[in-house]
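Report on the following structure.
Quick note: the coordinates plus some simple rules give every number you see, no bench work behind them. Here the structure is a predicted model, which means the values were calculated and not measured. Using ideal geometry, Cβ is built from the backbone for each residue, glycine included, and neighbour counts are taken over all protein chains shown.
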Amino acid sequence: MRYLLTILFLFTALFAQNKPVIGVGEILSPKGSKYETWRTELEQRLVSTNKFDIIERQRLNDILREQGLGASGIVDGSGVIGGIGGVDYLVYGTVTRLDSENIGESGYKKVRGSLSIKVVDVNTGKIVLNRAVSADDTADNNNEAVGEVKKEITKKMAKYIAYSVFPIKVAGIDGNQVYINYGKIGINGSGGYQVFKMGGGFEDPDTGELIGAKETYVGLIDIKKREQKYSIGKLIHSLEPIKIGDRLKWVSGSDFSKLKKKYKIK
């Protein structure tokens with residue numbers, strides 16, 4: 001118990017320090033109008049990852065105005081972004097689809113939505129994430145369906161943004177009990193997670209850019225508990241001892257079952 005409390009204390013100290021500051025810029029419609037509720041929802045979801053501090057919206061607008069930066073230049077990767085004090089990442093996006101249709105004569109509405117996001121590292125000006133997420137929902141009320149689609153999309157997008165900066169990793173080990181650096185919003189409750197040891201990186205022979213790293217499978221984790229800031233899993237298979245900092249990758253329920261069968265895990 002004392003060891004567990006020490007781990008939890010260290011988690012609290014870790015998550016309270018050195019969080020990068022992220023600013024969520026405008027979320028626009030295809031015609032250029034602002035979707036402020038989507039922006040607010042994404043901010044809230046990013047806070048829930050416990051990986052970022054969110055810069056206050058008016059302060060972000062003031063900084064960008066002082067720098068003479070517009071959303072279009074940032075999104076296109078053509079803005080000169082370096083030197084924005086107190087901000088590490090900027091997020092901008094467009095709701096590329098949001099439409100509804102009647103489901104027969106039932107009176108129900110089916111809403112489909114898509115959100116495209118770009119995340120810019122302000123220190124380098126590079127786009128670190130360029131991703132689109134889609135979702136759909138059916139309800140007897142169009143506004144209700146739109147609201148559910150918005151929640152699902154922003155939840156997924158917040159996870160991808162967090163993963164692009166902080167991959168899922170082993171944060172602590174106690175026997176076969178493994179502590180993971182993400183909680184409920186980042187760790188799936190179904191399926192399982194493979195553990196990989198990261199090896200040396202490799203470069204693009206044309207550009208010299210680091211494009212990847214060797215991954216060696218070392219173990220398999222079954223998630224047992226998801227807290228707000230971290231999760232706990234059971235190590236059910238390993239080829240060698242796992243270590244703090246090893247990477248995790250989710251596998252679906254069906255693939256997880258196949259892996260357990262492969263490794264003869266009951």
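In percent, how large is the relative contact order of the chain, given Cα pairs closer than 8 Å and 6 or more residues apart?
On the way: 515 pairs, mean separation 37.2, N = 266.
Result for the chain is 14 percent.
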Next item on the list: For the chain, find the longest principal axis of its Cα atoms and tell me its angle to the long axis of helix 2-16, 0 to 90°, nearest 10.
Entry: 30 degrees
Checklist line | FRET E, pair Thr37, Asn61, Förster distance 22 Å, beta-carbon r, rounded to 0.05 | finding: 0.80
Next item on the list: Before rounding to the nearest 500, sum -39500 (n - 2.57) across all DSSP H runs of length at least 4 in the chain and divide by the residue total; then give [θ] at 222 nm in deg cm²/dmol.
Entry: -9500 deg cm²/dmol
Check: What ³J(HN,Hα) values, in whole Hz, does the Karplus curve 6.51 cos²θ - 1.76 cosθ + 1.60 give for the range 162-169 when θ = phi - 60°, with x put for Gly and Pro?
Finding: 4, 4, 5, 9, 10, x, 6, 9
Next item on the list: Taking only Cα atoms and a 10 Å spring cutoff, compute GNM fluctuations for the chain and point out the largest among Tyr92, Tyr217, Tyr160.
Entry: Tyr217
Note to self: Can you give me the long-range amide H partners of Tyr108? Hydrogens built in the peptide plane at 1.01 Å from N, cutoff under 5 Å, separation of 5 or more residues or another chain.
What the structure shows: Ile103
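To the nearest 20 Debye, how big is the dipole of the chain about its Cα centre, given +1 on the beta carbon of each Lys and Arg and -1 on that of each Asp and Glu?
It works out to roughly 1240 debye.
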Margin query: Quick one: 3J(HN,Hα) in Hz for the range 46-59, Karplus 6.51/-1.76/1.60 with θ = phi - 60°, rounded, Gly and Pro as x.
Written below: 5, 4, 5, 6, 6, 10, 9, 9, 9, 6, 4, 4, 5, 5
Item checked: 25 °C / 0.890 mPa s Stokes-Einstein diffusion coefficient of the chain, Kirkwood radius on C-alpha pairs, µm²/s -> 119 µm²/s
Notebook entry, point to check: Which far-off residues, 5 or more places away or on another chain, put their amide H under 5 Å from the one on Val251, with H placed in the peptide plane?
Noted result: Gly192, Tyr193, Gln194
Item checked: HN-Hα J in Hz across the range 198-203 - Karplus 6.51, -1.76, 1.60, θ = phi - 60°, x for Gly and Pro -> 8, x, x, x, 9, 10
Next item on the list: Report the full-extension gain for the segment Tyr263 to Ile173: residue separation times 0.36 nm, less the Cα-Cα distance, to one decimal in nm.
Entry: 30.2 nm
Notebook entry, point to check: What residues have an amide H closer than 5 Å to that of Tyr35, excluding those fewer than 5 places away on the same chain, when H is modeled at 1.01 Å from N in the peptide plane?
Noted result: Ile27, Leu28, Ser29
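Distance check, please: which entries in Lys31/Lys151; Lys156/Lys234; Lys184/Lys264; Lys150/Lys229 exceed 27 angstrom between their Cα atoms?
Numbers: Lys31/Lys151 22 Å; Lys156/Lys234 25 Å; Lys184/Lys264 29 Å; Lys150/Lys229 23 Å.
The pairs that break the limit, which is 27 Å between Cα atoms, are Lys184/Lys264.
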